[in-house]
Amino acid sequence: MNNNNLINELKNIALILSGIFCAGMGIHGFLLSSNFIDGGVTGISMLLSKVINVPLSYWIAITNFPFIFLGYKHLGKAFAIRSVFSILGLSIVLATVHFPDVTPDKLLTAVFGGIFIGAGIGLTIRGNAVLDGTEIVALLISKRSNLLKVSDIILIFNIVLFTFAIFFLGVEPALYSILTYMSAAKTLDFVVHGLEEFTAINIVSSKAQDVREAITGKLGRGVTIFKGVGGLSGLEQEILYCVVTKLEIGAVKTIIHDIDPEAFITLHRLIDVDGGIVTRKILH
């Protein structure tokens, strides 16, 4: 293993350890005492620990390992090893570390419990591992289905889970648990993508060259030019394509509207970006 790989693995371990303790705080410091659960496989583990008198630390390991096996087969050995380390680490922390019960307030418990769990799962994902196997199975199912996306599968999974939660825990704890899941999901998204979440912008303008020069000059972003033909007019036109962070969307729109108020703009979020001017600027 060369120095770069070693440094990367140490970073992964640091992120995973941070994720384990964040998730542990969310579960023990907030949710357990209020009888709330999270979504996903973690939620299944918490529900089973309440229904069957077996400690949560055991259920976390038992329910996640089938998904780790799938990850090993489809996502690689290194991913599986890190994930085993993550899940066993969380199980050990839940069994041995004492976290203070922060607040009896149910709303604060649901929101902040979700924040800590979402942050923990997100940090672990950034460490190239998982604390919750739901995303693995959802990804694999979506690859084999033209009808369902990953988000659809996770939504269906959690609808079923919280339906059972209503039956076993009662309506009010189940509703607070849904709030916990929503809080965790938003926090997870923020931790994984952050403020530097990338967005692709397509611009169709009669003043494409002026727009391009303004974006590259004022924001320092690269712009790619495609040649297109208008579907109605049949005229040739230039289509600009650029990738910016979420915080720069407003600046780009302002530049475009100042130059050409009639410009046609479309935006779509990108899952990941690697290389190019965007990531070089972020790293710098």
Exercise. Among residues belonging to the stretch 72-89 that are closer than 14 Å to Glu9 by Cβ and of a type in the set (D, E, K, R), point out the one that is modelled with the highest pLDDT.
Key: Arg82
Quiz item: Would you pick out the residues in the stretch 19-47 that are over 15 Å from Asn158 (Cα atoms) and either touching a Lys or Arg at 6+ places or on another chain (Cβ under 9 Å) or without any contact (Cβ under 8 Å) to a residue 60 or more places away in the chain (or both)?
Solution: Gly19, Leu32, Ser34, Asn35
Self-check item: Matching residues, the stretch 215-254, being touching a residue at least 40 places away in the same chain (Cβ under 8 Å) and in contact with a Phe, Trp or Tyr (Cβ under 9 Å, 6 or more places away or on another chain)
Solution: Tyr241, Val243, Val244, Thr245, Lys246
Exercise. Scan (1) modelled with pLDDT of 90 or more; (2) in contact with a Phe, Trp or Tyr (Cβ under 6 Å, 6 or more places away or on another chain) for the single condition Gly39 breaks and write down its number.
Key: (1)
Self-check item: Filtered residue count, the stretch 58-87, keeping only those that are under 21 Å from Ile37 (Cβ atoms) and surrounded by fewer than 20 Cβ atoms within 10 Å (Cβ to Cβ)
Solution: 5
Practice problem: Go through the stretch 185-221 and give me each residue that's small (Gly, Ala, Ser), modelled with pLDDT of 85 or more and farther than 30 Å from Cys22 by Cβ. | Solution: Ala200, Ser205, Ser206, Ala208, Ala214, Gly217
Quiz item: Is there a residue being at pLDDT below 85 and in a strand (DSSP E or B) anywhere in the stretch 135-158?
Solution: no
Self-check item: Residue selected from the stretch 226-243 under the condition touching a Leu at 6+ places or on another chain (Cβ under 9 Å) and within 15 Å of Ile256 (Cα to Cα), by the criterion surrounded by the fewest Cβ atoms within 10 Å (Cβ to Cβ)
Solution: Val243
Quiz item: In the stretch 206-225, which residue that is of a type in the set (Val, Ile, Thr) and under 30 Å from Val192 (Cβ atoms) is surrounded by the fewest Cβ atoms within 10 Å (Cβ to Cβ)?
Solution: Thr224
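The values are calculated or read from the model by the stated rules, or taken from the named source; none is laboratory data. Just so it is clear, the structure is predicted and the values come from calculations on it, not from any experiment. Don't worry about glycine lacking a Cβ; one is built from the backbone with ideal geometry, like all the others, and counts go over all protein chains shown.
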